[in-house]
1. How much length is gained if the chain between Met219 and Thr258 is pulled fully straight, taking 0.36 nm per residue apart and subtracting their Cα-Cα distance, in nm to one decimal?
2. When Lys and Arg each count +1 and Asp and Glu each count -1, what net charge do the other residues less than 13 Å away from Arg121, Cβ to Cβ, add up to?
3. Along each of its three principal axes, how wide is the spread of alpha-carbon positions in the chain, in whole angstrom units, largest first?
4. How long is segment 284-344 along each principal axis, judged by its Cα atoms, biggest number first, in Å?
5. Given the DSSP H assignment, sum -39500 (n - 2.57) over each helix run of at least 4 residues in the chain and divide by its residue total; what's the result at 222 nm in deg cm²/dmol, nearest 500?
6. Could you give the length gained on full extension between Ala324 and Val198, defined as 0.36 nm per residue of separation minus the Cα-Cα distance, in nm?
7. Under the rule of at least 5 residues apart or a separate chain, name every residue whose amide H is placed under 5 Å from the amide H of Gly235.
8. At a Förster distance of 35 Å, what's the computed FRET efficiency of Arg103 paired with Val210, Cβ-Cβ distance as r, to 0.05?
Amino acid sequence: MTASVYVGDGRLEVQQVAMPELGPGDVLVEISHCGVCGTDLHLVLEQIARPGSVLGHEWAGTIAELGSDVREWDLGARVVCGPTPGCGDCRACLRGRPSVCLRRAPVDHLGFRGAFARYVRAEAARLLRIPDNLSTRHAALTEPTAIALHAVSLSGVTPEDRVLITGAGPVGMLILAVLHAQGIRDVTVSEPSPSRRVRALEVGAARVIVPEDLPSPEMGRPVAEPYSVVFECSGVAAAAESALDQVDFAGTFVFVGTGHYPPRVNHNRVIILELTLIGAYNYDAAGWGPALELLASGRLPLDTLIDGNDVRLDGLLPAMERLAAGEIPAKVMVVPQTTEGDHR
Ligand SMILES: [Zn+2]
Ligand SMILES: [Zn+2]
């Protein structure tokens with residue numbers, strides 16, 4: 001089958017690779033669309049991925065083959081594949097955090113068999129059916145929407161909060177959309193890219209600013225117009241440091257964007273203002289079901305969140321470079337074809 005393979009040195013190549021092998025409880029899924037994630041950008045452009053990897057985890061598709069033990073699914077069913085369930089009784093699971101279950105198998109963060117390819121293998125037990133009124137393409141937003149829901153729920157944000165989002169890439173934009181859908185309207189977005197600022201206003205930001213507009217506080221005091229909840233979605237150290245400066249007394253700061261260089265955390269501010277700093281990485285205990293429901297509800301501006309131009313496998317690397325440069329304001333969807341045609 002055709003796949004986009006990471007070959008090292010920040011390069012992707014379209015190659016013919018072996019079809020995934022199915023275990024008895026697996027299904028083969030033909031990929032419809034797979035979103036490009038910030039993690040994919042880091043892994044490729046910062047040359048972190050293991051050569052030979054196929055990236056892409058934000059996929060949706062249709063079942064093309066059933067493992068020998070799979071009874072509950074039919075060929076042609078439209079699906080996404082939810083997270084690995086937690087063990088249910090470790091400290092993390094008992095606190096409603098199964099995505100950091102202490103008994104998970106260690107995650108291989110560098111090597112993948114992902115969905116920038118024609119097919120993926122998936123465990124039937126983890127599949128979720130895509131609701132009839134949601135397109136398969138739109139359903140490829142399920143994973144990042146589940147991430148946005150998790151960041152929002154961990155933050156404890158309410159409609160009374162004054163919220164700042166730093167970085168309006170796909171994750172920041174989805175958090176903005178989720179906040180809006182939950183009736184949280186006082187949301188400011190700080191973003192250097194003009195096209196992303198415009199898009200953030202369309203998605204529901206009350207106001208957009210450039211990062212230089214964020215003031216520096218006096219020692220031990222909040223800025224003049226502080227925020228009670230801040231989502232740092234850029235992964236840029238300077239942006240995170242400035243974002244932390246904007247938090248009000250007893251405010252909450254959520255790290256969502258990963259990045260190469262760690263920010264310096266001013267512990268004095270955290271102490272004196274009694275701030276809460278948290279990290280949000282994966283999904284709520286309810287898994288991806290609520291994300292699928294929200295996507296199908298019509299309450300998210302899906303065609304504003306997703307870039308209008310889908311990318312073929314051989315256009316993936318240039319799209320990644322443009323995404324990293326902030327030139328594409330929305331989520332990019334990859335279709336598993338190439339410009340030369342469609343060799344399965
Ligand atoms: Zn992702
Ligand atoms: Zn557990």
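The values are calculated or read from the model by the stated rules, or taken from the named source; none is laboratory data. Computed from a prediction, not measured in an experiment: that's the story for all the values here. Ideal geometry is used to build each Cβ from the backbone, glycine not excepted, and the neighbour counts take in all protein chains shown. In case anyone asks, the SASA skips ligands and DNA or RNA and just uses the protein heavy atoms, side chains included. Shrake-Rupley method; radii C 1.70, N 1.55, O 1.52, S 1.80 Å.
1. That works out to 11.3 nm of additional length.
2. Within the 13 Å Cβ shell, the charges total -2.
3. Principal-axis extents of the chain (Cα, largest first): 63, 45, 36 Å.
4. Result for segment 284-344: principal-axis Cα extents of 40, 31, 22 Å.
5. Rounded to the nearest 500, the figure is -6500 deg cm²/dmol.
6. 43.6 nm
7. Gly257
8. My answer for the efficiency is 0.20.
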